[in-house]
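Derivation of every value follows stated rules applied to the coordinates shown; laboratory data play no part. For clarity, every value in this text was computed on a predicted model and none was experimentally measured. Glycine also receives a Cβ, built like all others from the backbone with ideal geometry; neighbour counts cover every protein chain displayed.
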Amino acid sequence: MTTFARSVIAATEGPLTRQTLIEGFGRYGKPRESWRIGAEFERAVVRPDGHPVPYEGGIHDILDRLADTSNWTRLYEGGALIALSRPDSAHITLEPGGQVELSGAPHATLTGVHDEMHENRDAMLALAQGHDLRWIACGLTPVAAIEDISWMPKGRYAVMRDYLPRKGSLAAAMMKGTCSVQANFDYDSEEDCARKVRLTAGLAPLTTALFANSPLHLGKPTGFMSYRGHIWRHTDPDRTGFPPGLRSDYSHERWVDYLLDVPMMFVLQDGAYLPANGLTFRDYMERGVGGRLPDLDDWALHQTSVFPEVRVKHTIEVRGADCVGHDLAMAFCALFTGLLYCRSAMAEGLSLVEELEHHGTHAERFAVACKGGLDGFIGGRSLADWASDLGDIADRGLLRCLPDDRFMLDPLLARIEVGRSPAHDLLDAWHKNPSPLAIIRSVAY
């Protein structure tokens, strides 16, 4: 679920067409003075020893109590409580394994994002007290076995549970075990969108390395600094990574064509999620399903079923960071605010991307980041060294566009200076005490 309310494409007579969908993206642009920042924070809740928390008597109760204490409206599916909402477009939703995601409201400043996140964190921590629960901030549940984690009672997840494991060997781990931080940004035109897509997609290896925070699984090192990133590479090549339309030649037309031709996982008919059985949205528009042609709600739903490193809807969603603690999560938002909302910083960032792109493919660079984090090397330079250049660019950008919020980048700059991602800290803690209780304490949110 996105941070900002879905922009509605102007009503058209007759069925959807490729051209009306392309024109719809052209209407999503906003004037610069209206640009906002949105953020999405996923967190897992576990027992103190890292074992999973079920829906009944656990996740359900957390949502129910949160609605009572923090002025949220309950949302149900098939009689099951599956989400919360507020009039300001903020939502709290459940990922397939019970990870709880705050999709925040749009804010003009990073301070607004911070305050909303802080309020939510305090509420979550208060709910956990006295209930044998621990909120953790890491990219992959570090102790629990994926098969021991319960599925949440959402219809789309039942279809995904059957579909995605046929496409990728680690799809179940992605759905039930991973958590991330995401940030959403506006654009004013197709050209501006294309530049921002190229920048954010090109920086994905650095994003992954900087926020790598998933080196453990089943209580042991995985050999990866971001095992979450590695998992995503083995989920579904049709809808993850860097698909066509999300490269240096981005256009709304190319992106829409990608969305039209990626195999659909499900269709929503009469309130029920049904397997799409290889149908594409292009087929759906031409032939329909059950005598019904898709509408704009179906198009919006389909866009939520692709998971590339950067996703374009009415905003640009930057998706490549492991879940991290509060200060670093805000630093993630600050990093891309400085890069995307300052023209000169964006130009400098694009030059850095061009240098990176001289060395291997997108997939090869991303694999280096997942494996080694900031210790990895691209083009004879450590990713910590590349990240130092990036941090300087973002710092200058924030000073120009949001000087009062520049301090929020400091936790990331401090890590860049010493070349340590959060994964280094977690591995150090594991070497000192590898017990499940100690691991969970080291990643407590």
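Remarks
- Among the residues of the stretch 340-356, the one identified as closer than 11 Å to Gly202 by Cβ, crowded, with 17+ Cβ neighbours inside 10 Å and either touching a strand residue (DSSP E or B) at 6+ places or on another chain (Cβ under 8 Å) or of a type in the set (D, E, K, R) (or both) is Leu356.
- From Glu364, Glu348, residue being of a type in the set (D, E, K, R) and closer than 21 Å to Gly241 by Cβ: Glu364
- Residues being part of a helix (DSSP H, G or I), closer than 17 Å to Ile92 by Cβ and in contact with a Leu (Cβ under 9 Å, 6 or more places away or on another chain) - total across the stretch 122-155: 3
- Residue among Asp257, Asp283, Asp298 that alone is touching a Gly at 6+ places or on another chain (Cβ under 7 Å) and surrounded by 16 or more Cβ atoms within 10 Å (Cβ to Cβ): Asp257
- Leading residue by the ranking (surrounded by the most Cβ atoms within 10 Å (Cβ to Cβ)) among those in the stretch 139-151 that are of a type outside the set (Ser, Thr, Tyr) and in contact with a strand residue (DSSP E or B) (Cβ under 6 Å, 6 or more places away or on another chain): Gly139
- The set of residues in the stretch 65-95 that are assigned to a loop (DSSP other than H, G, I, E, B) and either surrounded by 17 or more Cβ atoms within 10 Å (Cβ to Cβ) or among the hydroxyl-bearing types (Ser, Thr, Tyr) (or both) comprises Trp72, Ser89, Ala90, Glu95.
- Residues located in the stretch 62-88, provided they are within 21 Å of Leu268 (Cβ to Cβ) and touching a residue at least 40 places away in the same chain (Cβ under 8 Å): Glu77, Gly78, Ala80, Ile82, Ala83
- Qualifying positions in the stretch 328-379 - in contact with a Leu (Cβ under 7 Å, 6 or more places away or on another chain) and closer than 15 Å to Ser248 by Cα: Met346, Gly349, Leu350, Leu352, Val353
- Residue in the stretch 197-209 that is in contact (Cβ under 8 Å) with a residue 12 or more places away in the chain, of a type in the set (Lys, Arg), touching a strand residue (DSSP E or B) at 6+ places or on another chain (Cβ under 9 Å) and part of a helix (DSSP H, G or I) present: no
- Among the residues of the stretch 262-305, those that are part of a helix (DSSP H, G or I) and not charged (D, E, K, R) comprise Phe281, Tyr284, Met285, Leu296, Trp299, Ala300, Leu301, His302, Gln303.
- Criterion: touching a residue at least 40 places away in the same chain (Cβ under 8 Å), hydrophobic (A, V, I, L, M, F, W, C) and more than 25 Å from Thr178 (Cα to Cα) - qualifying residue of Leu293, Leu335, Leu279, Leu328: Leu293
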